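My structure is below; once you've seen it, I'll send some questions.
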Amino acid sequence: METMTPTEAKRLSPGLLAFYGDSVYEIMVRRFVVSSGDRPSAKLHEESVKYARAGFQAAAYDRILPMLSEAEADILRRGRNSTGLTAPKSSNQAEYHKATAVEALFGYLSLTGEEKRLEELFSAIIPDDL
């Protein structure tokens, strides 16, 4: 896939950015979980789900917000304010909106080829002491 310009990526809906960003974030979580040692697949899945839940991503939103550029914060805001979101039973509406915002930002950064920035933000989301 060809890298988009920031202008092209900003034209995409927050829902589309979050849809794509969900997979980007999931891959990063799985890579992190796998890198921390070999375990049965059920344990790997259990740990991955812990980091991909809306509650964890909502906390990640608060953790990375001070680190963001104005353009990144705008994408985060657009993702948070997306309409038509229905929170799953495992979270509340506020958490789910913040989680969607994080996913939208990850989608935007991936589509614009900002892999180094993705790694920086992911490192802030998953602290060393976890």
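The values are calculated or read from the model by the stated rules, or taken from the named source; none is laboratory data. Keep in mind it's a predicted model, so treat the numbers as computed, not measured. FYI the Cβ positions are ideal-geometry reconstructions off the backbone, even for glycines, and counts take in every protein chain you see.
Listed residues Gly113, Gly37; which is assigned to a loop (DSSP other than H, G, I, E, B), modelled with pLDDT of 95 or more and not β-branched (Val, Ile, Thr)?
Working: Gly37 fails: modelled with pLDDT of 95 or more.
After applying the criteria, what remains is Gly113.
Still on this structure, please answer the following. Write out, first by first residue and then by second, each pair whose Cβ atoms fall under 7 Å of each other, whose residues are 6+ apart or on separate chains, and whose first residue, in the range 95-108, is at pLDDT below 90 while the second is assigned to a helix (DSSP H, G or I).
Glu95/Ala54; Glu95/Gly55; Glu95/Ala58; Tyr96/Ala54; His97/Arg80
List every residue pair whose Cβ atoms lie under 9 Å apart, where the two residues are 6 or more positions apart in sequence or sit on different chains, the first residue falls within the range 15-41 and is surrounded by fewer than 13 Cβ atoms within 10 Å (Cβ to Cβ), and the second residue, located anywhere, is of a type in the set (A, V, I, L, M) and part of a helix (DSSP H, G or I).
Filtered contacts from the range 15-41: Asp38/Leu44.
With respect to Leu17, is the statement that it is touching a Gly at 6+ places or on another chain (Cβ under 6 Å) and part of a helix (DSSP H, G or I) true?
Yes, satisfied.
Which of the residues belonging to the range 96-110 are under 16 Å from Ser69 (Cα atoms) and touching an Asp or Glu at 6+ places or on another chain (Cβ under 7 Å)?
Leu105
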